[in-house]
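Remarks on the structure that follows.
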Amino acid sequence: MRVKIKCCTIIFACVSVSGFAYALETDQFYAWGKPIEDSTHHLNAWVRLQIQDALDSRVNGKARDCEAAVNMIQKRLQHSIYQPIELWINSTDLVDRVPRGIEEYQDYRESYLLSRTYPLDTARGLQPSPTLEVNQVRLGSDKLAHFFSEGWWYYKWWKKNQGDKSTEELQHELLLYGVNLEKWVQGELLTGVISPADMEANYQGFIFYQQLCKGEKPLLHQEDGLWHFSESFDIANYVSPEWDESWNANIYSKKRWKGIRQTMAAYCPMLQDEWVQKQRALYAELDTQTPIDKLLSELVDNGKLSDPLPFDISSVCN
Amino acid sequence: MQQVQQELENVERRWYTITRLKWGYPLRWSAGIGAMLAEQPRDSSCATGCAIRGWHFMVEPGQYGIQGGVGWGRLVGETGRTKRWMHTVNWGWAVRGVVLRTWGDSYLDPDSQTLAGIEGSLSIVRVNLSVGMLRSFSSEADPDWVLVGSFGLGF
């Protein structure tokens with residue numbers, strides 16, 4: 001019996017700890033000035049093929065309604081720990097990324113933002129995500145995992161908690177739920193990082209799941225009893241400069257910040273680089289205030305969240 | 001669209017080497033080596049990470065015996081510079097039918113006996129935990145059923 005209890009405890013501990021596998025970290029500074037080909041078309045193609053294949057699989061036709069079809073799609077796109085889109089990006093030849101190949105990866109692991117570490121650092125046990133480009137925006141591949149994974153969690157929360165709340169109330173509570181996720185196993189608790197960029201990707205994922213069945217032109221439609229995914233899906237419609245962690249600064253724990261500050265400061269001279277200046281000017285032009293920005297400002301003003309500003313490269317370099 | 005479709009459809013069967021190093025009951029220290037057969041896109045690489053699933057086998061000599069197993073599993077891992085050795089398993093699970101032969105001063109009574117049963121294995125961030133239930137073929141064995149378990153690195 002004792003052995004059984006011990007085994008169960010160990011299994012439980014391992015499974016619990018596995019939650020942090022969601023929280024793969026990324027570093028867009030590392031990719032500054034390095035050319036990356038746009039992957040929008042390949043990513044759109046992969047998403048369309050996966051979704052249509054899920055809809056056409058043996059259970060197709062059994063999706064009674066649109067929500068049942070959404071559940072089929074979710075099973076294909078959202079897995080428990082590692083997300084299919086991120087695994088595909090890591091192993092395909094088609095998506096250009098930095099780093100690419102084992103030699104570059106080795107260098108990335110040794111010099112990315114979280115590389116200055118401390119004993120028993122949980123974040124270092126995980127593989128950092130590469131940077132890719134979608135419609136001129138640089139993002140970690142982890143953001144696409146967030147989009148499909150935590151986006152689904154948001155969607156589930158939203159469906160469960162609708163009740164008789166107003167849309168504004170519901171949205172506010174949904175975003176707070178997202179902040180709490182990021183404060184717990186998805187971020188701060190295990191890696192010492194709260195990422196507003198992750199929250200932006202989560203929220204856009206939620207919008208995507210909503211758009212599958214709702215709105216004037218839902219992304220799913222039925223023809224002769226079979227479900228089809230719209231050709232109009234474009235990942236670029238969801239991606240914004242807010243997904244780039246070199247633009248949308250993270251909030252770090254004190255312990256984590258010690259190492260990161262030094263690594264980030266090494267990029268200060270690059271702020272004068274032509275490519276970096278051009279990219280940041282483009283971001284300034286494209287960036288808008290999102291509901292996440294608004295909520296985080298409120299939380300910072302109320303003292304419920306640390307201000308991300310001191311962790312921004314412009315503050316570090318000044 | 002066509003390029004992605006072609007990549008996903010153009011698959012091949014590949015063998016990946018799987019390994020583990022463990023401490024447990026009743027083998028005490030043991031080292032396992034085996035292979036997993038997986039179907040994968042021809043152009044994909046596991047150097048920096050991929051997911052595979054399929055049938056696999058493993059032979060595991062240890063301090064107090066040797067175990068052999070065949071089963072099915074899936075894992076997310078990396079081969080790094082090696083082409084086919086899945087040396088880093090970030091996450092994975094497997095279920096195996098196993099046969100175990102003990103010897104020497106094993107904890108079992110009698111020391112030398114043959115057992116067979118089922119083993120479940122879970123790997124998270126390189127750490128592996130395996131638990132199994134095996135039945136002895138020996139008529140002198142007491143008890144008949146043995147709960148085995150081990151903890152280590154690998155898959």
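Dividing the summed -39500 (n - 2.57) terms of all DSSP H runs of n ≥ 4 by the residue count of chain B sets its mean residue ellipticity at 222 nm at -1500 deg cm²/dmol. Calculated [222 nm] ellipticity per residue, helices only, for chain A: -15500 deg cm²/dmol; basis is -39500 (n - 2.57) per DSSP H run with n ≥ 4, divided by all residues, nearest 500. Could you work out how far the C-alpha centroid of segment B:87-155 sits from that of segment A:275-318, in angstrom? Using only Cα atoms to place each centre, the spacing works out to 53 Å. A crude spin-label estimate for the pair B:Asn10 and A:Glu216, with each label 7 Å from Cα along the Cβ direction, gives 4.2 nm.
Once each part is reduced to its C-alpha centroid, what is the distance from segment A:84-128 to segment B:8-61 in angstrom? Segment A:84-128 and segment B:8-61 have Cα centres spaced 21 Å from each other.
How large a share of the accessible area of segment B:74-155, in percent, is made up of carbon and sulfur atoms when the probe is 1.4 Å and the other protein chains stay in place? After summing per-atom areas, the C and S share lands at 60 percent. Taking every protein chain into account, the 1.4 Å probe leaves A:Glu298 with about 80 Å² of accessible area, to the nearest ten. The phi torsions of segment A:201-209, fed into the Karplus equation with coefficients 6.51, -1.76 and 1.60 and a -60° offset, translate into couplings of 5, 4, 5, 5, x, 4, 4, 4, 4 Hz, rounded to whole numbers, with Gly and Pro shown as x.
Summed over both chains, the contact between A and B buries some 2600 Å² of accessible surface at a probe radius of 1.4 Å. Charge tally for A:Gly192 (other residues, Cβ to Cβ under 9 Å; Lys, Arg +1; Asp, Glu -1): +1. Using every pair of distinct Cα positions in the protein assembly as shown, the Kirkwood expression returns a hydrodynamic radius of 24.3 angstrom. Taking 17 Å as the straight-line reach from the Cα of B:Lys22, the aspartates and glutamates in range (excluding those fewer than 8 positions away in the same chain) are B:Glu60, B:Glu119. The accessible area of A:Lys214, taken with all protein chains in place and a 1.4 Å probe, comes to roughly 90 Å².
For A:Leu189 and A:Glu223, compute 0.36 nm times the residue count separating them, minus their Cα-Cα distance, and round to one decimal in nm. Working shown, then result.
Values: separation 34, 0.36 × 34 = 12.24 nm, distance 4.66 nm.
Full-extension gain reported as 7.6 nm.
Here A:Phe206 sits with roughly 10 square angstrom of accessible surface, probe radius 1.4 Å.
Taking amide H as placed 1.01 Å from N in the peptide plane, A:Leu219 has its amide H under 5 Å from the amide H of A:Leu212, A:Cys213, A:Lys214, each at least 5 places away in sequence or on another chain. Here the 3J(HN,Hα) profile of segment B:85-102, calculated from phi with Karplus coefficients 6.51, -1.76 and 1.60 at θ = phi - 60°, is 9, 7, 6, 10, 10, 7, 7, x, 9, 8, 10, 9, x, 10, 10, 10, 10, 9 Hz, Gly and Pro shown as x.
The values are calculated or read from the model by the stated rules, or taken from the named source; none is laboratory data. Owing to the predicted nature of the structure, the values given are computational and were not obtained by experimental measurement. We place every Cβ from the backbone using ideal geometry, glycine too, and count neighbours over all the protein chains shown. Areas reflect the complete protein model, heavy atoms only, side chains present, ligands, DNA and RNA absent. Shrake-Rupley method; radii C 1.70, N 1.55, O 1.52, S 1.80 Å.
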